[in-house]
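Q: Before anything else, here's the structure in question.
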Amino acid sequence: MNAMHQYMLDSYRTMRRGERVPPLPGSGDARVLRELSGRIRAAARALARRP
(Lines give C-alpha, C1' and ligand atoms only; values in the text may rest on other atoms or scores of the structure.)
Protein backbone atom coordinates (compact mmCIF):
# COMPACT_ATOMS: atom_id res chain seq x y z
CA MET A 1 0.00 0.00 0.00
CA ASN A 2 1.47 3.35 -0.96
CA ALA A 3 0.90 6.73 0.69
CA MET A 4 -2.02 7.66 -1.57
CA HIS A 5 -3.86 4.41 -0.81
CA GLN A 6 -3.36 4.97 2.91
CA TYR A 7 -4.61 8.55 2.56
CA MET A 8 -7.76 7.42 0.77
CA LEU A 9 -8.44 4.80 3.44
CA ASP A 10 -7.84 7.30 6.26
CA SER A 11 -10.05 9.88 4.53
CA TYR A 12 -12.87 7.38 4.17
CA ARG A 13 -12.64 6.40 7.84
CA THR A 14 -12.57 9.97 9.12
CA MET A 15 -15.46 11.07 6.91
CA ARG A 16 -17.54 8.14 8.17
CA ARG A 17 -16.80 9.19 11.76
CA GLY A 18 -17.43 12.88 11.07
CA GLU A 19 -13.84 13.83 11.89
CA ARG A 20 -11.45 16.17 10.10
CA VAL A 21 -9.85 14.78 6.93
CA PRO A 22 -6.06 14.27 7.20
CA PRO A 23 -3.73 16.46 5.07
CA LEU A 24 -2.67 15.22 1.64
CA PRO A 25 0.58 13.27 1.51
CA GLY A 26 3.46 15.57 0.66
CA SER A 27 1.58 18.77 1.50
CA GLY A 28 4.15 19.76 4.14
CA ASP A 29 7.28 18.81 2.22
CA ALA A 30 8.19 22.36 1.18
CA ARG A 31 7.84 23.65 4.74
CA VAL A 32 10.02 20.85 6.10
CA LEU A 33 12.72 21.51 3.50
CA ARG A 34 12.71 25.25 4.31
CA GLU A 35 13.09 24.53 8.02
CA LEU A 36 15.83 22.00 7.38
CA SER A 37 17.81 24.37 5.16
CA GLY A 38 17.48 27.09 7.80
CA ARG A 39 18.85 24.78 10.47
CA ILE A 40 21.74 23.75 8.23
CA ARG A 41 22.58 27.41 7.53
CA ALA A 42 22.45 28.22 11.26
CA ALA A 43 24.74 25.30 12.06
CA ALA A 44 27.18 26.38 9.35
CA ARG A 45 27.24 29.93 10.76
CA ALA A 46 27.87 28.58 14.26
CA LEU A 47 30.72 26.42 13.02
CA ALA A 48 32.23 29.33 11.08
CA ARG A 49 32.43 31.39 14.30
CA ARG A 50 34.34 28.70 16.18
CA PRO A 51 38.10 29.20 16.46
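The values are calculated or read from the model by the stated rules, or taken from the named source; none is laboratory data. Bear in mind that the values here come from a model prediction, so they are computed numbers and not experimental data. Don't worry about glycine lacking a Cβ; one is built from the backbone with ideal geometry, like all the others, and counts go over all protein chains shown. Protein only, heavy atoms only, side chains kept; ligands, DNA and RNA dropped before computing areas. Shrake-Rupley method; radii C 1.70, N 1.55, O 1.52, S 1.80 Å.
Q: What's the total number of residues in region 5-28 that are of a type outside the set (A, V, I, L, M, F, W, C) and open to solvent by less than 90 Å² (accessible area, probe 1.4 Å)?
A: Adding up the residues that qualify gives 11.
For (1) aliphatic (A, V, I, L, M); (2) out of contact with any His (no Cβ under 8 Å at 6 or more places or on another chain); (3) at pLDDT 95 or above, each residue gets a yes or a no:
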site	(1), (2), (3)
Gln6	no, yes, no
Glu19	no, yes, no
Leu24	yes, yes, no
Ile40	yes, yes, yes
Ala48	yes, yes, no
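Q: OK, next. Give me the pairs: first residue in region 12-28 and assigned to a loop (DSSP other than H, G, I, E, B), second residue aliphatic (A, V, I, L, M) and open to solvent by less than 70 Å² (accessible area, probe 1.4 Å), beta-carbon distance under 6 Å, and six or more apart or on different chains, which are they?
A: If the second residue must be aliphatic (A, V, I, L, M) and open to solvent by less than 70 Å² (accessible area, probe 1.4 Å), the pairs left are Pro25/Ala3.
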